[in-house]
Structure formats: structure tokens, C-alpha cells
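First comes the structure, then the notes that go with it.
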Amino acid sequence: MPPSATPHMTPEEFRRYGYAVVDWLANYQRRVESFPVLSQAAPNSTRALLPAEAPQQGEPFELILADVERIILPGLTHWQSPNFFAYFPANSSGPSVLGDLLSSGLGIQGMLWATSPAATELETHVLDWLVDMLDLPRGFLSSGSGGGVIQDSASSAALCAILAARERATEGATNRSGVNQQQQLLAYCSSQAHSSIEKGLRVAGIGSANLRLVEVDETFALRPDALRAQMEEDRRGGATPFFVAATAGTTSSNAMDPLDRIGRVCNEFGAWLHVDAAMSGTAALCPELRFIHKGLDYADSYCFDPHKWMFTNFDCTAFYVRERQRLISALTIIPEYLRNQASESGAVWDYRDWHVPLGRRFRALKLWFVIRHFGVEGLRQYVRRHVAWGRQFAGWVRDDRHFQLMAPAPLNLVCFRHVGPDDFNAELLRRINQTGRAYLTHTRLSGAFTLRFCVGQTNTELRHVEAAWLLIQQTAAQMRLEAAGHNSPI
Ligand code: PLP
């Protein structure tokens, strides 16, 4: 039987169950280190525990919460475990979760300024704070012709950058008549750029075939000379180089594209420069790590993900443009039912015009909570620890003759492998992850299977990094023994 006569939850019930959920989450935070980081669930094991049909009658909340423990928990990979070193962090924090809860509880739609003025104004304000906090170009501030907006992901930010660039290159013609087959628009990024660039080009109707993948140097950073040569050749052939995506911290290896030299090439060709600093942008909180943004003044647009490394739970991408009018022209359509006095006065921003969806959650709340709770100095301390431990880990790899570094490790991501064949490394990774005591992922660099170790989870301590390295070393030693025909345990 449902706990109340009415099917919905009364405020008193909400209070009681709300406390229960927060208690459950607080206990989860305490327990998370004890779970296998990578879910050990077999395919369909979650569905096998779910009833075939939705319940006809409401069920007690206690039962629903108990099923989170029984059904959901075993099927989770624990991104908030301090032993999570895979992909990139998706680190969260108490203030962020509570800010997000508030956003859900308020349940507002911030699509127009008028639909909740505080949502728009807090967002603009917090994004201006971030310009100062990361020492981003002043042109991104809302007080000039630029501005920032929260997007759901770096992928959406890339798409919006492409749309704004397309609008600029065609003076709005593509908005009216679609991508013009007469004018070949070409985009550029390095072979190491994130797949979201290509996806954005597909969605924007530019197409994968009109993306040029530019060579990288020995640090896996885009080569500006190769970019210029390619753009020149394309322009001679009658095409329009309209968009360049540079990366500050590539996904594979944390390579830093030289933004200043790329920016100068973009200027020569009148191409839009978008800088994707998805994970690594957070490092710029620390003045000594701002080398990652050298040359960012050339950027027409920029994004980084507080939902990766800045203690703000997904989704929260900070996206900036230097000329907001380009973005707005690319995306605005005003149907009668959205007309209102405030918008027409020109005195307010309507963020619906800054991304693809109309509706938008109040995401600025969690960012505001995080920044106020940690303070800029508090955030810096965490980032510095992660970077110091990343570099320490790289030092351990360097000092072990059985392992080799595969790329520079400027921040918190270390790419390395065991000397020897790919299948040894793939098996090493499988065994490490199977223990559940750490979770790493891989990439391929210079053609070789490479392990990635990324430090950035909110609760990771040095002891977790040390334990993971010991696990890697011991697992590899065991495999070497096995390969030598001794099956004795280490
Ligand atoms: N760009 C880079 C450099 C990334 O590392 C990632 C994620 O790994 C992305 C973009 C995509 O991020 P999102 O999930 O926010 O779209």
C-alpha cells in the first residue's frame, strides 16, 4: 500500500523520505571505497531483477529505496570512488549535489529570463566569476560583446561553436537555406581531438568528409605548420576554411595544442577558433598552471567542464563566446508563444538562444554552491594535489624499468605502458580492473596500447594513488612470472 491516501507525496512525506535519501547518499559516500570500482555486473543482470511490467498501484517509498541498494548498486561503476582513475574524473561534491537537489526541487525552467530571472542572472554572474577565477580573456565577460552560458556537455558546446562559426562564415545564409552545396565549408582539428568535433560537424550538416584531421607532433599536439599548409591548399582549391577546434588537454593523452600559433593561423584565414579544454580547463584555477591557456586570447569560443574536474556533478559545461550575437543569430527563432516584454526590451538575455534545447535546468545553482563552499583557494588546493600526484605517479613510472611513459604528463593524466607487446598490456589492464581495487582505461598512442591513469576524483588521497601503483606493479610482476613459466604467486 502507498504510505498516504493520495498518490502524490505530501511535504511532510517529502521531508521524511528526503532525509532518508540524503542518509543513504551519505552512507554511500562512506562505503564507496569498499565497492569494486568497475561494476562486475553481467549483461542484463539489472533487468533480470526488475518486474516485467510497471506497478499498477503506488509502492511504499522504503521499498523503492531498498531496491536502489538491491538492484541498482550492483550495476554501478563507482565514478565517485577514490580509486577511480579511468577516462576523466566526473567528480562531484556535497555542495554540488545539494545545489542540484535544490534545482530539482524548485523545478523551474530557465529558458527565458522572464521564466525565472534569478536563474539567468545567477548563471551570467557565476560564469563571469569563472572568467576571473581562470583568468580567461576579458572578451568573454558579459559586460562586453561576449558572454558565457552553461551547456549540458562539451559536445553541445562544440556543436554550438560550429553553428556560430557557420553563421559567421555564410553571413546567416545557412540559417535560411541550409548548408549551401556551392560553398564548401571546411573544418580542422588534430587527429587527437575529441570525437564530439566530428559529431558536431555531422549534426550541423557540414559532414565528416569536410573535416580535416591535422597531424600532431611528438607530444601529440596539433602542428600549426601542417594546419596552415592544409588550409592554404584547401583555399586554393576554392573551399572556405571556416572552423578550427584546438584542444587544451586531449582526451587520449592530455596534449596541449599551441593555441597562440593556431590562433594566428585562424586569423590569417578568418576561421573561427574554438578551444576545447573539457577536463584540463579547471587547472587554470591555479596561476602556475595557466600555461594550458597560452594564446586563448585568439579564441572565438571556449569551453571547459566543471562536471569533470571542478567538483560539480554532471551536467555543467561552461561555454564562452567572444561575440554572443553570432551564437544568438545562429540559434534564435521567436514564436509568438515565447514573446514577452522583457525579451523585447533588449535588456535581458534569454539563454534558450544560446543552445539547442528550449528548456533548461537551473544548473548555475550547483556551480554557485561549489564555488561558495570551497572558495577559489579551496578549489585550487584540490587541483594542486591532483596535479602533484599525477606528476608523482609519472615519476614512479619513469623510475621503473618495466614501464615507459608514452606522453608528457603536464597535469593529472599519465599515459604509460609495460614494456612488451600490446596483449600483455591489455591483459594487465583487464586484471587490474577485475580486482575492483582500481579502475583505469586505455588509449592507443603511436600505435601502441597505452594505459591511462587520471587523478581527479574528489576524495582521492595520496594513499589511493600509491595503492594503485603497487597494484599495477604487482599485477605486472605476477604476469611476468607466469610468462616465464613460474606460476608461483607474488
Ligand atoms: N572534449 C574533450 C577534450 C574531452 O576529453 C571530452 C570527454 O572526454 C569531451 C570533449 C566530451 O565531453 P562531454 O561529455 O562534456 O561532451
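We did not get these values from a lab; they are worked out from the coordinates using the rules stated. Bear in mind that the values here come from a model prediction, so they are computed numbers and not experimental data. No Cβ is skipped: glycine too gets one built from the backbone with ideal geometry, and neighbour counts run over all protein chains shown.
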Exercise. What is the extension gain from Q474 to T441, computed as 0.36 nm multiplied by their sequence separation minus the C-alpha to C-alpha distance, in nm to one decimal?
Worked result: 10.1 nm
Problem set entry | Calculated [θ] (222 nm, deg cm²/dmol) that DSSP helices of n ≥ 4 give over the chain, each run adding -39,500 (n - 2.57) | -13000 deg cm²/dmol
For this session: Could you work out how far the C-alpha centroid of segment 130-169 sits from that of segment 327-371, in angstrom?
Result: 14 Å
Exercise. Can you list the HN-Hα couplings for segment 25-33, worked out from phi with the Karplus curve (6.51, -1.76, 1.60; θ = phi - 60°), rounded to whole Hz and with x for Gly and Pro?
Worked result: 5, 5, 5, 4, 4, 5, 8, 4, 5
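Suppose the chain between D297 and R463 were pulled fully straight at 0.36 nm per residue; how much longer would it get relative to their current alpha carbon spacing?
55.8 nm
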Exercise. For the chain, with the dipole built from +1 on Lys and Arg beta-carbon atoms and -1 on Asp and Glu ones, taken about the Cα centre, which of P51, Q474, T240 lies farthest toward the positive end?
Worked result: Q474
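With +1 on the Cβ of every Lys and Arg and -1 on the Cβ of every Asp and Glu, and nothing else charged, how large is the dipole of the chain about its Cα centre, in debye rounded to the nearest 20?
Result for the chain is approximately 540 debye, rounded to the nearest 20.
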Problem set entry | Nitroxide proxy distance, nm - points 7 Å out along Cα→Cβ at A20 and Y337 | 3.8 nm
Seminar exercise, completed: In order over segment 464-473: 3J(HN,Hα) from phi, Karplus 6.51/-1.76/1.60, θ = phi - 60°, whole Hz, x for each Gly or Pro, gives 5, 5, 4, 5, 5, 5, 4, 4, 5, 4
Seminar exercise, completed: Exposure proxy check on W354, W389: fewest-to-most Cβ neighbours within 10 Å is W389, W354
Problem set entry | Pairwise centroid distance, computed over Cα atoms, of segment 391-427 with segment 232-272, Å | 30 Å
Problem set entry | Rough spin-label spacing in nm, given labels placed 7 Å along Cα→Cβ, for E215 and S345 | 5.8 nm
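Can you tell me the order of 157-166, 342-351 when each peptide is scored by its average per-residue count of other Cβ atoms within 10 angstrom, highest first?
The most tightly packed comes first, giving 157-166, 342-351.
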For this session: Using 0.36 nm per residue of separation minus the Cα-Cα distance, give me the extension gain between D400 and L65 in nm, one decimal.
Result: 115.9 nm
Problem set entry | Pairwise FRET efficiency - V419 versus A226, Cβ, R0 = 35 Å, nearest 0.05 | 0.70
Seminar exercise, completed: The answer for GluC sites (Glu not before Pro) in segment 383-490 that fall in a DSSP coil and have at most 16 neighbouring Cβ atoms within 10 Å is E461
